[in-house]
1. Please report the equivalent ellipsoid semi-axes of segment A:78-288, computed as sqrt(5 x eigenvalue) of the Cα gyration tensor, largest first, in whole Å.
2. Determine, from the Cβ-Cβ distance of A:Leu17 and B:Ala339 and an R0 of 56 Å, the FRET efficiency 1/(1 + (r/R0)^6), rounded to the nearest 0.05.
3. At 222 nm, what helix-only mean residue ellipticity would the protein assembly as shown give, in deg cm²/dmol to the nearest 500, using -39500 (n - 2.57) for each DSSP H run of four or more?
4. Report the label-to-label distance for A:Val123 and B:His124 in nanometres (one decimal), using points 7 Å from each Cα along the Cα→Cβ vector.
5. Could you name the lysines whose alpha carbon sits less than 20 Å from that of B:Lys24, not counting residues in the same chain fewer than 8 places away?
6. Determine the per residue accessible area of segment A:2-70 with all protein chains present and a 1.4 angstrom probe, expressed in square angstrom.
7. May I ask you to list the lysines whose Cα is less than 28 Å away from that of A:Lys276, ignoring any residue fewer than eight positions away on the same chain?
8. Take the solvent-accessible surface of the protein heavy atoms, probe 1.4 Å, and return the percent of it on segment A:147-231 that carbon and sulfur atoms account for.
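The values are calculated or read from the model by the stated rules, or taken from the named source; none is laboratory data. From a predicted model like this one, the values you see are computed outputs, not experimental measurements. Neighbour counts run over all protein chains shown; Cβ positions are idealised from the backbone, glycine included. Accessible surface areas use protein heavy atoms only, side chains included; no ligands, DNA or RNA. Shrake-Rupley method; radii C 1.70, N 1.55, O 1.52, S 1.80 Å.
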Amino acid sequence: MARTEMLPENQMWRYRLSHFTKRFFLYAVLIAGALIMIAPFVWMLSSSLKAPHEISLKYIKWLPETPQWQNYKIAWEAAPFSTYFRNSFFIAAVCMLIEVVFSSLAAYAFAKMNFFGKNVLFVLFLGTMMIPGEVMLIPNYITMVNFGWIDTYYALIIPWTVSVFSIFLLRQFFMSIPHELFEAALLDGCGKFKYLITVMLPLSKPALATVMLFKFIGSWNAFLWVLIMTNTPSMRTIPVGLTYFVSDVGAQYNYLMAASTFAMAPILILFLLLQKQFIQGIARTGLKG
Amino acid sequence: MRSTKLVLLALVLCLAFSSSALAKVHITFWHAMGAELGEATEYLTQKFNEIQDEIFVEAIYQGRYSDLNTKLVASFSAGTSPTIAQVYENWTDAYYRYGVIDALEDYMDLTEEERNDYIEVFRHMNTWDGKLYTIPFNKSNWVMYYNKELIPEPPKTLEEFFQISKEVSEKTGGETKGFGIRPTLELFHAFLWLNGGDFFDEDLNVTFDGPEGKKALEQMIGMLEDGSALLIDGYEDGAFGDRMIAMYIGSSAGITYAENSVGGKFEFSTTPLPAGIRPGAPFMGTNIALFDSASEEEKLAAAKFVKWLTNAENTVYFATKTGYLPVTYSGLEHPEFKAWLEANPHKAAIANLEAFEYGYWQPKIAAWEECRGIIYEMVTKVFLGEDIDMALAEGRMLVEEAIDAMLSERF
């Protein structure tokens, strides 16, 4: 504002025009991006209300002729979804909470403590990320059988409470918080654990929110692990329910889309809630002052 | 005093419960039947549990076929195999080599008549070592779906088929193409077979790269090039229902999906595949296998269940609910099945008795899972424009490697 007020009339006009053009293109690109992102969701919603013969058409049809609201009811009843929902929520929430505790403690140690073999240990941790999960599925299954954990929540939760990726992410974030803050706090008589709780974690909200969101989504979407480790419907989760609608010879897309809609709703809500955290609490702002 | 009484009472109760539990043999049946197919499977299992009180069958849905296979393989090493499960023939071959399955026939106490009642082509598919190791359960055949409005008289030979496909495309100005091509292994196999070829000869030498294989690929590509066919991504029934294509080759088990996609917009029917140098009817679907980790008692109980599950009445129930085939001749002849066919003329090709005469199936060898992937990739490459000769030569090399690995490894 201050700058534009000082400009002569004609220059100001030019400035405004270029400002407007820039904005116009910026918004055009953003809107186009948003539309591309949102299109699959809109398609999912509209397909969930279609009759089967309206789904795969030559031309994309965005609105169903008559919304088939009963698709939701049929999809909901096709598999024991209320049980699946309860399980998915419980497992995802518990995994998320325990993981945040473990990851922040481990990441704190890797970021701020000095101990023998720290770097070697960290590299070893990272090394485990290189092994694809499928390779470990059968050995892990045998371990779970030996623990007697098949068809229990233990198998669905405990192996997933430690994530190297989260530790890595949090460690990187913790390392970006200046070490001087750590030293100053220790000089003032703050314990290491207290420092983590009262300083580090509140400053790391965005990273914590990211870690939590990843965990929740990962756990919510987990399919093969759940299927392999459980036998009874009372232990299974939503993704297992979604497979009911797809077979080798065809798929009931309208029901699948209806089920996908109610399956992803909680994730969407969680994202909207945590999204604030991404904007808030940026660590460095507290120090610039 | 009182506490002693309580303890005694508890003991008596425990004994009572354990003896009643002992009375029933508990067997587990892992399957991959979701939605309506799952309902039919669950219904039959429950019915079995109700009509007798010696055996309790627990049917457990284990996801799609690939998930079921993963879980079965995991269960072998962990010792948690089910009593019985749905299996494809190539899995059976692998399990047979691992030594983890038992021949169901040994436990079923079949008379010669009962044994021969299983349709011959299915018996071939289920035989190892001269025994019915597995029992056919949900078998399907591949048929030609066609739009009756556009094609009143379906093609009987490959030549007629090419002709009609072209005519439909021309007549509709390309709005509706004659045929839908999804570059799958199954479609390639169909063209290969109808031209007189197959994937392997009897000694497992690769033959699909011969002149028949080349001709099959050329025919498919040719249909796309001259506009008589449409390349389809995804299930064909959707494009069929939207009149994008007038014919496609698909599983009989997919007929309910076709009915839904067409949604009464036009009349359609099914017919056997047109004959090339020779006729052909591809048979697919899974069978039931018995795992050797079960006790003798459980094995006998499972065999009883499988025998009951495939009796005429039940195989007909399953077939009419799902679009799969009855697995026995008595099922095909069953008045209920005949009545159902009469009421559903568009399903006639499903139970075309002639087709059973010239049925063919995918190789029932352990390495097939890997070979399938290689051949599928080869077909896809050709559709993406790779030279046919080069693709076939590469495919042959990779498949030979997979077969060699299977034969040399002692599993």
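1. In descending order the semi-axes read 37, 21, 14 Å.
2. The computed FRET efficiency comes out at 0.10.
3. Helix contribution divided over all residues of the protein assembly as shown: -18500 deg cm²/dmol.
4. 6.0 nm
5. B:Lys47, B:Lys299, B:Lys304, B:Lys307
6. Counting only protein heavy atoms, the per-residue value for segment A:2-70 is 82 Å².
7. Straight-distance partners of A:Lys276: A:Lys22, A:Lys112, A:Lys194, A:Lys205, A:Lys215, A:Lys288.
8. Roughly 69 percent, rounded to a whole number.
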